[in-house]
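Asks: Below is one structure. I have some questions about it.
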Amino acid sequence: MDPLIERLTAKGVEVTKIEDRGQKARQTWVAHFIRPEQRTRLSPYLWEDIVAGTEGCLVGTTAEHAFERAGKWKAMLFFQHSNDVLELDLTQAKPLTRKDLIVETMDYADVYIVDPAYTWTYDIPHEADWGPYFLTKLRAKGDH
């Protein structure tokens with residue numbers, strides 16, 4: 001994960017690494033972005049659930065543009081299989097791209113970024129041909 005932190009700090013992101021918060025971050029993410037009826041049969045990867053179970057999930061270049069436009073002064077970055085979490089201060093950061101956020105190690109390969117209130121998520125799967133994905137909480141099916 002150190003190369004990721006180095007890339008982020010090179011872009012002007014202040015990074016604080018927190019251990020043992022990944023499970024809580026994933027549970028909170030599910031509560032905000034996955035419909036209640038879908039939570040009993042979650043896919044092995046969380047990003048698969050927003051693709052299959054939501055309306056308004058943006059994909060690819062459209063998702064990247066939405067992430068660029070999202071109000072992101074602070075954000076949290078977590079992973080599918082690691083309990084490490086990175087708190088990000090983006091107030092002085094240059095724009096981030098998918099390439100800046102990719103990690104090759106499997107524990108860190110699926111990247112999820114959310115704002116502190118979990119109103120939006122930007123997700124980069126380990127599959128190079130899939131995603132990235134961007135979803136706002138208000139667009140999850142069943143939310144009004």
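What follows is calculated from the coordinates using simple rules that are stated; it is not laboratory data. A quick note: this is a predicted structure, and the numbers were derived from the prediction, not measured. Every residue, glycine as well, gets a Cβ built from its backbone with ideal geometry; the counts of neighbours run over all protein chains shown.
Asks: If the viscosity is 0.692 mPa s and the temperature 37 °C, what translational diffusion coefficient in µm²/s does Stokes-Einstein give for the stretch 91-134 when Rh comes from Kirkwood over Cα pairs?
Replies: 288 µm²/s
Asks: I would also like to ask the following. Based on alpha-carbon centroids, what's the gap between the stretch 66-80 and the stretch 1-23 in Å, whole number please?
Replies: After rounding, the separation between the Cα centres reads 13 Å.
Asks: Quick one: Karplus J couplings for the stretch 16-24, per residue in order, coefficients 6.51, -1.76, 1.60, θ = phi - 60°, nearest Hz, x for Gly and Pro?
Replies: My calculation for the stretch 16-24 gives 10, 8, 10, 8, 6, 10, x, 4, 5 Hz in order.
Asks: For every helix of n ≥ 4 consecutive DSSP H residues, a contribution of -39,500 (n - 2.57) applies; sum these over the chain, divide by its total residues, and give [θ] at 222 nm rounded to the nearest 500 deg cm²/dmol.
Replies: Working: 5 runs with 42 residues, N = 144.
That comes out to -8000 deg cm²/dmol.
Asks: Give, as ranges by residue number, the residues of the stretch 78-110 whose backbone N falls under 20 Å from the point 7 Å along Cα→Cβ of K24.
Replies: 78-89
Asks: What order do you get for 62-69, 105-112 when each peptide is scored by the mean count of other beta carbon atoms within 10 Å, highest first?
Replies: Details: 62-69: 16.1, 105-112: 18.5.
Most protected by this proxy first, the peptides run 105-112, 62-69.
Asks: Quick check: convex hull of the Cα atoms in the chain, volume per residue, rounded to a whole Å³? If you can, show how the numbers build up before the last one.
Replies: Details: hull volume 14.2 nm³, N = 144.
That works out to 99 Å³ per residue.
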